[in-house]
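Asker: Starting off with a structure, shown below.
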Amino acid sequence: MRSHLAVIDMQNVFADPASQWCTPGFADIVEPVQKLVAAFRDVTFTRFVAPAKPVGAWRLYYQRWPFALQPPHAEIYQLVDGFHGATVDEITFGKWGPALARRVGDADVLVLAGVATDCCVLSTALAAADAGVVTWIVADACAGMDDEAHERALAIARGYSPHIEVKSLDEVLSCCA
C-alpha cells in the first residue's frame, strides 16, 4: 500500500506557549510526529499562513487575530525545529487543495498528523475525503485546542468511515512503515 504523510501545521505559532494560537499538547506530539516522518518515504509539511489581503470572513478573522497578519517568511509561520522538507502553504484551515493533491498523487492512503485536530486537521481530512481520498488521522500524533476538542474532532471524523479512519501511531507504523 502506497501512503503519503501530511504533517499539518507544526509551526512556531502553534508551539510557542506565548502565542495567542498556542495549541496545548503540541509538545506531546512532536515525538510521535517525528516517528511518522522517519517511517514514511512520502511526506509533505503544511503551513497555515496569512493572506496578503484578507477577504470575506477572513477579514473578520484577522480583525480578531491581527498579530497573525504577517508574511509567510515570518518566524511565527516557520516549522518548529527538527521538521523540514517539502512544504505546502495555504491561507485556509483545510490544507487539501491542488498543491497537496499533486504531492499525494495516486497514493492509496493520506495519513494526517499535526495540529489542531479540531481545526486544520479535521478540515483537511474532510476535504480530502470529499475528493475521494482514503484518509487516516493518527490520533496520538495530533493535538487539539484542548483534550475535549481533540476527542470531539476524532469522534466527528469516525462518522465519515470508511472515507476517514482514526488510527493509532502503532497501527499506522505497523502497516505503512
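Just so you know, all these numbers are worked out from the coordinates, no wet-lab data involved. Since the model is a prediction, treat every value here as computed from it, not as a measurement. Note that we place each Cβ from the backbone using ideal geometry, even for glycine, and neighbour counts take in every protein chain shown.
Asker: Can you tell which of ARG59, ARG152, ARG47 shows the greatest fluctuation in a Gaussian network model of the chain with Cα springs below 10 Å?
Answerer: Maximum among the listed residues: ARG59.
Asker: Name the long-range amide H neighbours of MET145: under 5 Å, sequence gap of 5 or more, or other chain; modelled H, no Pro or chain starts.
Answerer: Distant-sequence amide H within range of MET145: THR117, ASP118, HIS150.
Asker: Over the chain, with a Gaussian network built from C-alpha contacts below 10 Å, which listed residue (HIS73, HIS84, HIS163) shows the highest mean-square fluctuation?
Answerer: Comparing HIS73, HIS84, HIS163 in a Gaussian network model of the chain, the most mobile one is HIS73.
Asker: Then there's this: Counting other beta carbons within 10 Å of each residue's own, what order do CYS176, CYS22 fall into, fewest first? Let's see the in-between values first.
Answerer: On the way: CYS176 21, CYS22 15.
Listing CYS176, CYS22 from fewest to most nearby Cβ atoms yields CYS22, CYS176.
Asker: Report ³J(HN,Hα) in whole Hz for each residue of region 160-171, in order, from the Karplus equation J = 6.51 cos²θ - 1.76 cosθ + 1.60 where θ = phi - 60°; Gly and Pro get x.
Answerer: Result, rounded to whole Hz: 9, 4, x, 5, 10, 10, 9, 10, 8, 4, 4, 4.
Asker: What is the fewest-to-most order of THR92, THR117, THR135 by other Cβ atoms lying within 10 Å of their Cβ?
Answerer: On the way: THR92 15, THR117 32, THR135 23.
With the sparsest Cβ surroundings first, the list reads THR92, THR135, THR117.
Asker: Moving on to the next point. Report, by chain and number, residues whose modeled amide H sits under 5 Å from the one on PHE45, excluding near sequence neighbours (fewer than 5 apart, same chain).
Answerer: Counting only residues 5 or more places away or on other chains, the set is VAL7, ALA86, THR87, VAL88.
Asker: A follow-up question, please. Can you give the charge dipole size of the chain about its Cα centre, rounded to the nearest 20 debye, using +1 on the beta carbon of Lys and Arg and -1 on the beta carbon of Asp and Glu? Numbers along the way, then the final one.
Answerer: On the way: 13 positive and 21 negative charges, 135 e Å.
The dipole of the chain has a size of about 640 debye.
Asker: ALA155 versus ALA74, label points 7 Å from Cα toward the beta carbon: distance in nm?
Answerer: Modelled inter-label distance: 3.5 nm.
Asker: For the chain, with the dipole built from +1 on Lys and Arg beta-carbon atoms and -1 on Asp and Glu ones, taken about the Cα centre, which of ALA125, PRO51, LEU79 lies farthest toward the positive end?
Answerer: In the chain, that residue is PRO51.
Asker: Here's a follow-up. Counting only residues 5 or more places away or on other chains, whose amide H sits under 5 Å from the amide H of VAL134 once H atoms are built in the peptide plane?
Answerer: Those lying under 5 Å, H to H, from VAL134 are LEU110.
Asker: Looking at the chain, send over the antiparallel percent of its DSSP beta bridges, to the nearest 5. Walk me through the numbers on the way to the answer.
Answerer: Working: 1 of 24 bridges.
Roughly 5 percent of the DSSP beta bridges within the chain come out antiparallel.
Asker: Considering only ALA129, ALA68, ALA18, give the residue with the highest GNM mean-square fluctuation for the chain, with springs between Cα atoms whenever their separation is below 10 Å.
Answerer: So, out of ALA129, ALA68, ALA18, the one fluctuating most is ALA18.
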